[in-house]
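One structure is given here, and the rest of the page talks about it.
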Amino acid sequence: MSIQVLQEFYVQSTRSTKPDALSHNQATLLIEAWLRFQVQETTVPIMMAAARAADRYRISYWDAAIIEAARALGCTSVVSEDLSHGQDFDGVVIENPFRLIA
């Protein structure tokens, strides 16, 4: 799991304009529970790899940073609704759980 994913979860889940927003305590308790999984911090090498991937694949830097954090952890797939299901980023494949199943 990328530290960026945890950050995005906190920001989005506690957003005051969201009618079902979580409290700070609820969000941080969930994050603490997820810390049992390996978390990849954003390092300079990951940031630079993400910048290269964003340029190469024409995706947002933020999506590329998640992919490169996954690569650093040895993951072969990333769950995302923002990227194309099955897209392969040099060995890290996107899995969209909301894709239409024919």
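Of note:
Quick grid of which residues meet (1) at pLDDT below 95; (2) over 12 Å from the mean Cα position of the chain (by Cα); (3) surrounded by 15 or more Cβ atoms within 10 Å (Cβ to Cβ):
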| position | (1), (2), (3) |
| --- | --- |
| ARG36 | no, yes, no |
| ILE46 | no, yes, yes |
| ASP55 | no, yes, no |
| TYR61 | no, no, no |
| ARG99 | yes, yes, no |
| ALA102 | yes, yes, no |
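- Test: GLN38 is in a helix (DSSP H, G or I) and not small (Gly, Ala, Ser): no
- Residue check, THR14 at pLDDT below 95 and among the β-branched types (Val, Ile, Thr): no
- Test: ASP82 is in contact with a helix residue (DSSP H, G or I) (Cβ under 7 Å, 6 or more places away or on another chain) and outside any helix (DSSP H, G or I): yes
- Selection status of VAL5, within 19 Å of SER60 (Cα to Cα), surrounded by fewer than 12 Cβ atoms within 10 Å (Cβ to Cβ) and either among the hydrophobic types (A, V, I, L, M, F, W, C) or at pLDDT below 95 (or both): no
- ALA65 being surrounded by 13 or more Cβ atoms within 10 Å (Cβ to Cβ), in contact with a Phe, Trp or Tyr (Cβ under 8 Å, 6 or more places away or on another chain) and at pLDDT 95 or above: no
- Looking across segment 50-63, the residues that are in contact (Cβ under 8 Å) with a residue 24 or more places away in the chain and either part of a helix (DSSP H, G or I) or in contact with a Ser or Thr (Cβ under 8 Å, 6 or more places away or on another chain) (or both) come down to ALA53, TYR57, TRP62.
- Total residues in segment 9-27 satisfying the condition of being in contact with a helix residue (DSSP H, G or I) (Cβ under 8 Å, 6 or more places away or on another chain), of a type outside the set (S, T, N, Q) and part of a helix (DSSP H, G or I): the figure is 3.
- Some residue of segment 22-29 being exposed (fewer than 11 other Cβ atoms within 10 Å of the Cβ) and of a type in the set (S, T, N, Q): yes
The values are calculated or read from the model by the stated rules, or taken from the named source; none is laboratory data. Only a predicted model underlies this, so the values are computations on that prediction, with no experimental measurement involved. In this analysis, Cβ positions are derived from the backbone assuming ideal geometry, glycine residues included, and neighbour counts consider all displayed protein chains.
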